[in-house]
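**Student:** Please find one structure pasted underneath; my questions will follow.
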Amino acid sequence: MIEVSELSKHYGDVVAVENISFKAEKGVILGFLGPNGAGKTTTMRMLTCYLPPSHGEAKVAGFDIVEESMEVRKRIGYLPEQPPVYHDMTVGSYLRFVAKIKGVPGPKLNSRLDDTMEKTGIAHHRDTVIGHLSKGYRQRVGLAQALVHEPEVLILDEPTVGLDPKQIIEIREVIKGLGGDHTVILSTHILPEVSMTCGQLVIINNGRIAGEGTPESLMAQLKEGEVLRAHIDGPPGAAVREMIARIDGVLDVSQEPGSEEGVFLVTSLPGQDVRDALTRQVVEDGFSLRELRPLDMTLEDIFLSLTSEEVTA
Amino acid sequence: MRNFAAIYSKEMRSYFVSPVAYVIAGVFLFLSGYLFRNILMQFNLWCLQFGQRAQQMGGQMPALNLNEMVVTQFFGVMDFIWLLVIPMLTMRLFAEEKKNGTIELLMTSPIRTVEVMLGKFFACFSLYSIIVGLTLVYFVILEAYGSPDWGPIFTGYMGYLFLGATFISVGILASALTENQIVAVLLTFGMLLLFWLIDWSASFAGPTAAKILHYLSFIEHLEDFQRGVIDSKDVIFYLSFTFFCLFLTTRVIESRRWRR
């Protein structure tokens, strides 16, 4: 549905985006993750035909973004960072205007407006002037604007920025509901958002792709063996540590920094589960096990390790 | 056509929903009405003075031409007010879209830049024509007390339509060049004033240059209309100026698409 190959954008000598390639199949929600200024917005602007790429090419819904821009524009819904709303229009008349310029046929217009407003939860604000709406509602109007013509591809630039936690959850639900029918690209620098909504992830930093895949595969890729957190009650000193270190498959043991004595981080060799051996050994030696749980790598860890790798490289 | 209509009605709505249309129409009509009254009073005074003098000298009173002394005078004043007002009608057309980010919506919609530009142009032109049309009331009042020649009045108004289109096209171009409305106003005003006064420098130029400078003057072409003459060279001047500015506007807006 979306095919990006070696896309670059330069502003004079400044490189905003360099050689980005990725693919998104139909119905996928693709998260575009990166710190501020990484090139997310620039990439999205190229995909929506707002900016021409300096090099490379991209196809959206099967059409080239430069050569067949009109066809692409018919098939996308775009929510820029700042919702593109007219402050002096009412919600209803604004959406009607957008629907018209997006080419929604006349007979379908009213039902499309009702549907969209229902979906984004702004139906009761139909006659409110947009300038009088709160930021959160304006964002919804922006989302409604992107949805009104039922585009095949939705491109959302930080759709939840500036919303309160309740609104964020609601908007995420709306977006999740869009996957399947629509292909969605959404950019964000909020990590939990990605793990909650996206099936596919592209991490971008300094205009380059730093990582790509499903959230799970990215985590697996970065895991260097499993880490367990074990709280073992035993005699003070190094006895417990040495006991753990002797277990087969354990790579490294260390006292967890900042925790009370007896809390260890146990790193095992990749693919080896040392939990059974550890429990048995603890019991054999007459210590007591208070806690044992695997430490999952969070998206924050992935993100930081990927983006800081890029910085040092 | 549908896109054009959508943009056109959006722009018209925006003029009339905000105070812009009312304030501009109000200020313009107040000022022009006030000046029309003064011109009329002046004409009255002259009539009185000439009448008295004629009586004292025992001769015939010279004929005072209502068209020349009221209508043409008033047109001269109206030209000048439009020079000040048009930049304010046009400044927001593209500058505001850029500032608000709504230009991203327009540029990523399946709609051609020409349609956007024409929708905006004709919306502004309609508002202008409505306000200009309202001033016809003054001449109806004049008709009640005198007998002006309506021919030059109508051609004069026709001239205003051409002049307005030209002014507005300059304003749209300036608005497309910036996202700052004050810059847009100043650019428009500067351009309009320059072409207004451009024939002044004709007096110091060589014969060929003088001809060109005369030809470029906004005001020279208007005078023919106000005298009751519809000359194709004037019509062509205004139309070609308008087309040129509108063409440039489209290019400026589209340039984003080819600036790699």
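**Student:** Between A:Asn19 and A:Glu67, what is the FRET efficiency for a Förster distance of 22 Å, r being their Cβ-Cβ separation, to the nearest 0.05?
**Tutor:** Calculated transfer efficiency: 0.60.
**Student:** Determine the gain in length on full extension of the stretch A:His55-A:Lys176; use 0.36 nm per residue of separation and subtract their C-alpha separation, reporting nm with one decimal.
**Tutor:** Additional length available on full extension: 40.3 nm.
**Student:** Next question, about the same structure. According to the Kirkwood expression over distinct Cα-Cα pairs, how big is the hydrodynamic radius of chain B, in Å?
**Tutor:** Averaging 1/r across every pair of different Cα atoms and inverting gives 20.2 Å.
**Student:** Moving to a separate point now. What residue among A:Gln200, A:Gln139, A:Gln255 has the largest mean-square fluctuation in a Gaussian network model of chain A, using Cα springs under 10 Å?
**Tutor:** A:Gln255
**Student:** Please give, to one decimal in nm, the separation of the simple spin-label points placed at B:Arg256 and B:Met57, each 7 Å out from Cα toward the Cβ.
**Tutor:** 6.8 nm
**Student:** Per residue Cα convex hull volume for segment A:45-116, in cubic angstrom?
**Tutor:** 104 Å³
**Student:** Could you let me know the centre-to-centre spacing of segment B:191-260 and segment A:79-104, using Cα atoms, in angstrom?
**Tutor:** If we compute the Cα centre of each part, the gap is 37 Å.
**Student:** Give me Rg/Rg_expected for the protein assembly as shown, where Rg uses Cα atoms only and Rg_expected = 2.2 N^0.38 Å with N residues.
**Tutor:** The value comes to 1.43.
**Student:** When all protein chains stay in place, what accessible area (Å², nearest 10, 1.4 Å probe) is found for B:Arg2?
**Tutor:** 100 Å²
**Student:** Just how many pairs of Lys in segment A:72-200 have C-alpha atoms closer than 23 Å, counting pairs that are eight or more places apart or on different chains?
**Tutor:** Number of lysine pairs found: 15.
**Student:** Oh, and also: Remind me, what semi-axes does segment A:2-214 give for its equivalent ellipsoid, largest first in whole Å, using sqrt of 5 times each Cα gyration tensor eigenvalue?
**Tutor:** 28, 19, 16
**Student:** Here's a follow-up. Quick one: how many Å² of B:Leu248 are accessible to a 1.4 Å probe, rounded to 10?
**Tutor:** Per-residue accessible area (B:Leu248): approximately 60 Å².
**Student:** Around A:Asp88, under 12 Å between beta carbons, what's the net of Lys plus Arg minus Asp minus Glu among the other residues?
**Tutor:** Taking every other residue near A:Asp88 into account, the sum is +1.
**Student:** Taking only DSSP H segments of four or more residues, each worth -39500 (n - 2.57), what value at 222 nm results for the protein assembly as shown once the sum is divided by all its residues, to the nearest 500 deg cm²/dmol?
**Tutor:** -18500 deg cm²/dmol
**Student:** Rounded to the nearest 5, what % of DSSP beta bridges with both residues in chain A are antiparallel?
**Tutor:** So the antiparallel bridges amount to about 65 percent of the total.
**Student:** Next up: Can you pull the accessible area of A:Glu284 for me, 1.4 Å probe, Å² to the nearest 10?
**Tutor:** Accessible area, nearest 10 Å²: 140 Å².
**Student:** Counting only protein heavy atoms and a 1.4 Å probe, tell me what percentage of the protein assembly as shown's accessible area is made up of carbon and sulfur.
**Tutor:** Carbon-and-sulfur percentage of accessible area, whole number: 58.
**Student:** Here's a follow-up. Need the per-residue list for segment B:62-107: every residue with at least 40 Å² less accessible surface in the complex of protein chains than in the chain by itself, probe 1.4 Å, sorted by number.
**Tutor:** SASA drop of 40 Å² or more in segment B:62-107: B:Asn100, B:Thr102, B:Glu104, B:Leu105.
The values are calculated or read from the model by the stated rules, or taken from the named source; none is laboratory data. Small disclaimer: the values here were computed from a predicted structure and weren't measured. Methodologically, a virtual Cβ is constructed for each residue, glycine included, from the backbone with ideal geometry; neighbour enumeration extends over all protein chains shown. With ligands, DNA and RNA removed, areas are computed over all heavy atoms of the protein, side chains included. Shrake-Rupley method; radii C 1.70, N 1.55, O 1.52, S 1.80 Å.
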